[in-house]
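> Dropping the structure in here first, questions after.
Taken together, the values in this text are just the output of simple stated rules run on the coordinates, not laboratory data. Model, not experiment: these values are computed from the prediction. A quick note on method: Cβ atoms are made from the backbone with ideal geometry, for glycine too, and the neighbour counts reach across all protein chains shown.
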Amino acid sequence: MTDQPKLQRLSRDGVAAPLRYTAFRYIWIASVLSNLGILIRGVGAAWAMTEMTSSADMVALVQTATTLPVMLIALPAGAIADMHDRRLVTLVALSIALCGVTALSALQWLGLTTPNVLLVLCFVVGSGVAMMYPAWQSSISEQVPAETLPAAVTLNGISFNIARSFGPAIGGIVVGTAGAVAAFALNAVLYLPLMIALLLWKRVAEPSRLPREQLSRAIISGVRYITNSPPIRIVLTRAVVTGAIGSSISALLPLVARDLLSGGAQTYGIMLGAFGFGAVIGATTIGELRKRMSGEAAMRACMLSMGGATVAAALSREPVLTASALILAGAVWTVAFTLLDIGAQLSAPRWVAGRSLAAYQAAYSGGIAFGSWGWGRLTDAAGVETALLVSAGLMVASPLLGLWLPMPRVSPGDEQVELLADPEVRLPLTDRSGPLVLEIEYRVAPENARAFHNLMQHVQLSRQRNGAYGWSIARNIADPELWTERYHCPTWLDYLRQRNRWTQSDRTLDREVEAFHIGPDPVRVRRMLERPFGSVRWKEDTPDRDANEMLPFDSKRVVGH
């Protein structure tokens, strides 16, 4: 089958296209059940805390304890996901969450749960989820082709929100009839299908020709990529703000059910179900919305709608009206975070996908965690209604952020890695040889100098996010047409990694720069090994003093075209 008919078929199928792929389909179905258990456990934890204390601060801290680990361990988790088999990392993370919720079930059964114990075990479960998320999400690209990746991301959001539609209501019934212990035990059981699906997934590993990075270096590489990638920085900032100001409804919903609607656990479950039902509506419309609106326009519409829905929830005392407002809130909340999720997924190449998704997870979870704590404190001081109205006002004002940080425009394939051949070398090198100095000479017509210089600022970010440091661009004062780009790589191995991290967008940028080059000779590249005084070691009888400066190396791997 040719690519064109395949693309036409995927276009017809829309958001359901990834379900054609067996591994993704089985894992997705199992994830619905797993998410169902997570939501049921969330109802049990929130209501158990509500029964143990009347403090709004402590009730809101249940959500904080679950999401705070994401912010604390996300980057190491992302680095581990990029360094190791993502299937195995996900299984280990699920095992941690399973142990946490099993312990919570046992303590609740024995009547030994206290507010602090509940928060600690919620933190343990949250830690497992925090470790699982980067590996699970970044493995989507290994289960489906690139053209279906946005649909697969959307389906993952739908899986959570299908669970949200039914999980809270089921959780309310379970808690109301059998207590929080039944909710915790059911969560533990529903983790098992996802673990089985992952065990059955025959992941095809793509071995790297370069050694695996150390954890500390991998974290540094991820941070460097993120800080030098404007699209990812924008997504992270918008995620923090949206999570912080929009978390009021989910954090305070137990109090909305109890104080504003005078209900119990079942009312709380129904309200959560309304929010989840709206989330499913939002998730199923995201594809059409992306066709009709830009990412920034959609984000603005979502935040304005969320603000209006929050006002309605704050002022309503009727369950039907509150549920209607929550349906709208759930729909636009899901659309907003799916747009951010897609932006994070498509803005990062595969080699750093886990770390980028971990940073995104840390950003929005950190926003939700601190936002939830803040809304709880404000509720203790001023009441549920006031806290929700303040949150609504901030949501209505938040589209102004788009004037400064508009949502990036990304599409599938922009960040696909394009491997480059190793350069030819005649000096024996080891992985640790370095620093390496790169000098690239361009000849640019004087009338194009300003445009060339502006474009080189984008080149600087491209080099730096892939591992370079000490970047500079200089113009020869005796020959104004001659420009020299210069940068360093710590070691020969780091330079090889940089060449293996080029994306199609990096290559396009490189071609745009080369288009400015004039003259009969091509762009000149010099690769030099920097020799600080005292760094060279040799044997007295060795003619080539550089030949014995390090340990032996694998010439087949580091030398070639």
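> Over the stretch 471-528, how many percent of alpha carbon pairs lie in each 5 Å bin up to the one with the longest distance?
Cα pair-distance distribution for the stretch 471-528, in percent: 4, 13, 19, 28, 20, 11, 5, 0.
> So the label point goes 7 Å from the Cα of GLU530 along Cα→C-beta, right? Which residues of the stretch 437-462 then have their backbone N under 15 Å from it?
Of the residues in the stretch 437-462, 437-440 have backbone N under 15 Å from the label point off GLU530.
> Using the Cβ atoms and a cut-off under 11 Å, what net charge is assigned to the surroundings of GLY78, where Lys and Arg are +1 and Asp and Glu are -1? List each step's numbers first, then the result.
Numbers: positive: ARG86, ARG355; negative: ASP82.
Neighbourhood net charge equals +1.
> When you count, for each residue, the other Cβ atoms within 10 Å and take the mean per peptide, how do 471-479, 307-315 rank with the highest first? Don't jump to the answer; show the numbers that get you there.
On the way: 471-479: 11.6, 307-315: 22.3.
Ranking, from highest mean packing down: 307-315, 471-479.
> Given H placed on each backbone N at 1.01 Å, which residues far from THR503 in sequence or on other chains put an amide H within less than 5 Å of it?
Amide H to amide H, under 5 Å and 5 or more residues apart or across chains, THR503 pairs with GLU418.
> Using R₀ = 25 Å, calculate the FRET efficiency as 1/(1 + (r/R₀)^6) where r is the Cβ-Cβ separation of ALA451 and LEU405; round to 0.05. Provide the component values of the computation, followed by the final result.
Details: r = 25 Å, r/R0 = 1.01.
The calculated FRET efficiency here is 0.50.
> Give me the distance in nm between label points sitting 7 Å out from Cα along the Cα-to-Cβ direction at ARG511 and THR386, one decimal.
6.1 nm
> For the stretch 318-455, take the alpha-carbon Rg, divide it by the Kirkwood Rh, and send me Rg/Rh.
Working: Rg = 24.5 Å, Rh = 20.8 Å.
With Rg and the Kirkwood Rh in hand, the quotient comes to 1.18.
> 222 nm [θ] for the chain, helices only, -39500 (n - 2.57) per DSSP H run of 4+, per residue, to 500?
Numbers: 21 runs with 376 residues, N = 561.
When only DSSP H runs of four or more count, the value is -22500 deg cm²/dmol.
> Let me ask you something else. Say each of ILE29 and VAL523 gets a label point 7 Å from the Cα, pointing the same way as Cα to Cβ; how far apart are those two points in nm?
The modelled label-to-label distance comes out at 5.0 nm.
> Just the number: Rg to Rh for the stretch 45-111, Cα atoms, Kirkwood Rh, two decimals. Write down the numbers at each step before the final one.
Working: Rg = 15.4 Å, Rh = 14.1 Å.
In the stretch 45-111, Rg relative to Rh is 1.09.
> Using 0.36 nm per residue, how much length does the chain from THR484 to ARG377 gain when fully extended, once their Cα-Cα distance is taken away? If you can, show how the numbers build up before the last one.
Numbers: separation 107, 0.36 × 107 = 38.52 nm, distance 5.63 nm.
32.9 nm is the gain from fully extending THR484 to ARG377.
> As I understand it, the value is the acute angle between the Cα axis of helix 449-465 and the longest principal axis of the Cα atoms of the chain; what does it come to in degrees, rounded to 10?
Roughly 60 degrees, rounded to the nearest 10.
> In nm, to one decimal, how far is the HIS84 label point from the ALA301 one, both placed 7 Å along Cα→Cβ?
In this crude spin-label approximation the distance works out to 4.3 nm.
> So if R0 is 41 Å, what FRET efficiency would SER95 and TYR469 give, r being the distance between their Cβ atoms, rounded to the nearest 0.05? It would help to have the intermediate numbers written out before the result.
Details: r = 39 Å, r/R0 = 0.94.
The formula returns an efficiency of 0.60 here.
> Okay, moving on. What ³J(HN,Hα) values, in whole Hz, does the Karplus curve 6.51 cos²θ - 1.76 cosθ + 1.60 give for the stretch 65-72 when θ = phi - 60°, with x put for Gly and Pro?
5, 6, 9, 4, x, 4, 5, 7
> Counting alpha carbon pairs within less than 8 Å and at least 6 residues apart, what relative contact order, in whole percent, applies to the stretch 6-122?
Values: 39 pairs, mean separation 30.6, N = 117.
Relative contact order here is 26 percent.
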